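See structure below.
The values are calculated or read from the model by the stated rules, or taken from the named source; none is laboratory data. This is a predicted model, so every value here is computed, not measured. Heads up, the Cβs are rebuilt from the backbone with ideal geometry, glycines too, and the neighbour counts pull from every protein chain shown. Side chains included, ligands, DNA and RNA excluded: accessible areas come from the protein's heavy atoms. Shrake-Rupley method; radii C 1.70, N 1.55, O 1.52, S 1.80 Å.
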Amino acid sequence: NYLEEQCREEMEKILVSENCWDREKFLNLHPAMQQRITAKWLEYSAAELSAEKVEDILHIIKKKAVLELRKERFLAVDDKHIMLKTAPKLQEFFSKPFQIGETELFSGKKVFVSELNGDNFELFANNRAKDLKNAFDYDKMCGNAVWRQKLPGDRLHLPGHRSATSLKKLLNQHKIPLEERSRMTVLADEKGLLWLEGFGVRGDALPDENSRKILLIRIEEQS
């Protein structure tokens, strides 16, 4: 009908790219048209359509925030854009006992641990110990250890840092997306995190000239 056609035309006018609309142009529309377009976004997302939900979306657009429309589907608003997004597929939680050799973490991803005799430490003569991100002194591991996915509250004291940093803060600073975070591996012993994929080893576990057994970590992941 006429109103449907008019709604589609107005949506086309404010469209920036697929599932992305111009926020300022939307706010300049008549309130009745804003409500119709909002209802269309709910329809596209196969979400419940109600007056309350429409009002929630209009509020979020003014506040520049994020609203879940249904499971794995949400509306994200920044200064310039209104975006319909699908939540990334996250890796389910994994945890495997630490061992030297090969360990399959989950389908498509493995970790390999090889041993370097401390007598060969001079192989690293041109590197400072703190630069050996994937090497640690086996004798400095505290108790039992596991390979696992990160957990809320995890912290790691990296070399050169005054204190332990939360993984959430660390990953936010490096703008690592949620999907990638869910696939990242940590090595945790009874003291806490010993190693974080891509970032390195806890400061007190680094090898030195007195280390007799140095372990090297290597990750292999299918793209």
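Please specify each residue of the range 176-223 satisfying the condition of being of a type in the set (Val, Ile, Thr), within 20 Å of the chain's Cα centre (by Cα) and closer than 17 Å to Lys110 by Cβ.
Thr185, Val186, Ile219
A count restricted to the range 135-168 and to residues that are open to solvent by 60 Å² or more (accessible area, probe 1.4 Å) and either at pLDDT 95 or above or assigned to a loop (DSSP other than H, G, I, E, B) (or both) stands at 14.
Exactly one residue out of Glu115, Glu24 is part of a strand (DSSP E or B), touching a residue at least 12 places away in the same chain (Cβ under 8 Å) and surrounded by fewer than 13 Cβ atoms within 10 Å (Cβ to Cβ): that is Glu115. Restricting the first member to the range 164-179 and to residues that are over 11 Å from Leu196 (Cβ atoms), and the second to residues that are modelled with pLDDT under 90, the beta-carbon pairs closer than 9 Å and six or more apart or on different chains are Pro177/Pro88; Leu178/Ala87; Leu178/Pro88; Leu178/Leu90; Glu179/Pro88; Glu179/Lys89; Glu179/Leu90.
Condition first: touching a residue at least 40 places away in the same chain (Cβ under 8 Å) and loosely packed, with under 15 Cβ neighbours inside 10 Å. Now tell me which residues in the range 27-61 satisfy that. Quick ask: steps written out before the conclusion?
To start, the set of residues in the range 27-61 that are touching a residue at least 40 places away in the same chain (Cβ under 8 Å) comprises 41, 44.
Result: Tyr44, single match.
Kindly indicate whether any position in the range 83-101 is open to solvent by less than 30 Å² (accessible area, probe 1.4 Å), part of a loop (DSSP other than H, G, I, E, B) and in contact (Cβ under 8 Å) with a residue 24 or more places away in the chain. Yes, the range 83-101 contains a residue that is open to solvent by less than 30 Å² (accessible area, probe 1.4 Å), part of a loop (DSSP other than H, G, I, E, B) and in contact (Cβ under 8 Å) with a residue 24 or more places away in the chain. Taking Lys71 as the residue in question, decide whether it is within 24 Å of the chain's Cα centre (by Cα) and open to solvent by 90 Å² or more (accessible area, probe 1.4 Å). Yes, satisfied.
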